[in-house]
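Where a number appears in this text, it was derived from the coordinates with a stated rule and is not lab data. Just so it is clear, the structure is predicted and the values come from calculations on it, not from any experiment. We place every Cβ from the backbone using ideal geometry, glycine too, and count neighbours over all the protein chains shown.
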Amino acid sequence: METVDSSSIPAKLRERLASAQKVLVLTGAGVSAESGVPTFRGGGNSAVWKGMPFDLISSAEMVERDLNAVWEWFDYRRDLLRDLKPNSAHEAIAIWQDRFSEFTLVTQNVDGLHQQAGSRDVVEVHGSIWRARCVACQEAIEIPRNGPRPNECQSCGERVRPDVVLFGELLPPGAFEYAAHMVANCEICFVVGTSALVYPAASLPEIAKANGALLCEVNSERTPLSNFCDFVLTGKAGELLPLLNSDL
Ligand code: BV8
């Protein structure tokens with residue numbers, strides 16, 4: 001791993017950031033890695049739960065086939081998340097909320113750590129692990145951090161499921177469209193800690209680039225997006241992102 005210090009940030013990027021008005025950040029699991037949240041891919045492995053690859057246990061098909069197994073997987077992840085805290089990458093991004101006149105944070109993560117770090121109006125394109133949804137009337141129910149999750153809908157009594165977008169499912173109505181509109185109008189698009197493999201979220205940086213935004217990737221590894229970026233900052237987000245605030 002390369003040593004990370006202020007020389008890791010190209011002067012040109014600092015200049016552009018200093019004069020930017022409209023900035024959008026897209027994050028993936030890598031932004032939460034230094035908080036102790038396991039990523040799905042990267043490092044040559046892929047998350048597996050009871051022998052099932054995560055894109056099978058986290059799928060629309062599995063909700064139909066075995067909702068209890070899906071809940072077991074999400075209950076396990078919520079238990080893990082309960083004691084974890086935002087890291088310096090989340091905190092650096094939270095500072096940007098008020099640093100730029102038009103700032104948008106889009107996350108693929110469902111862990112809620114951006115909000116815990118102080119980010120507001122977070123666009124959660126894949127939903128939230130801290131919410132359940134009725135399979136019948138679609139009512140959303142918050143899941144307490146330190147309490148039991150609901151087993152049934154409080155309005156109609158039907159079963160509930162995680163309010164998370166699973167593989168093969170549509171994104172929350174309007175979320176992607178809003179993110180696509182904001183990313184098409186930003187000056188700088190940061191892509192932090194994502195393998196850029198899952199669509200339609202992975203198309204957001206492509207939209208940014210096609211509309212003339214500066215594209216900056218922050219990742220500990222190269223990704224399929226790296227070659228399309230104007231800047232690629234290689235290293236840990238928790239070490240690199242605070243360096244972008246060092247002149248504040
Ligand atoms: C859709 C919530 C359309 C769940 C997630 C066949 C059938 C159906 C659909 C498809 C299909 N084939 C393809 C598709 C489309 C599919 C897709 O894109 N598949 C990919 C894999 C090919 N997409 C979908 O299904 C989407 N819906 O297309 O609907 C439709 C149309 C009609 C009718 C019905 C549907 C829905 C996708 C959403 C799935 N849900 N999450 C859960 O959390 O369990 S996606 C899941 O992967 C994660 O949530 C995450 O959001 C996403 C991407 O992962 P990353 O965040 O990038 O994480 P990853 O581990 O991959 O990478 C981490 C990165 O961080 C690495 O690059 C690593 O190097 C880096 N890193 C690590 N540490 C650090 C770091 N970087 C910096 N600092 C560090 N310290």
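For the chain, the Kirkwood estimate of the hydrodynamic radius, built from every pair of different alpha carbons, is 18.7 Å. The charge dipole of segment 120-197, taken about the Cα centre with unit charges on the Cβ atoms of Lys, Arg (+1) and Asp, Glu (-1), comes to about 280 debye, rounded to the nearest 20.
Which helices, counted as full DSSP H runs in the chain, have an axial Cα extent of no less than 15 Å and a Kyte-Doolittle average of -0.5 or above? Those that pass (Cα extent of 15 Å or more, hydropathy at least -0.5) are 88-99.
Spherically averaged projected area of the convex hull of Cα atoms, segment 21-108: 7.2 nm².
Rounded to the nearest 500, the 222 nm mean residue ellipticity of the chain from helices alone is -8500 deg cm²/dmol, with -39,500 (n - 2.57) taken per DSSP H run of at least 4 residues. In terms of Cα atoms, the Rg and Dmax of segment 139-195 work out to 16.5, 47 Å.
Taking a straight Cα-Cα cut-off under 19 Å and skipping sequence neighbours fewer than 8 places away in the same chain, the lysines within cross-link reach of LYS85 are LYS236. Just round it to a whole percent: the fraction of Cα-Cα distances in segment 188-235 exceeding 11 Å. When all Cα pairs of segment 188-235 are counted, 61 percent exceed 11 Å.
Each Lys and Arg contributes +1 and each Asp and Glu -1, all at the Cβ; summed about the Cα centre of segment 1-124, the dipole is approximately 340 debye.
For the listed peptides 107-120, 132-145, a ranking on the average number of other beta carbons within 10 Å per residue, highest first, reads 107-120, 132-145.
What do you get when you divide the Cα radius of gyration of segment 100-143 by 2.2 N^0.38 Å, with N the number of residues?
Working: Rg = 12.3 Å, N = 44, 2.2 N^0.38 = 9.3 Å.
Cα Rg divided by the expected 2.2 N^0.38 Å: 1.33.
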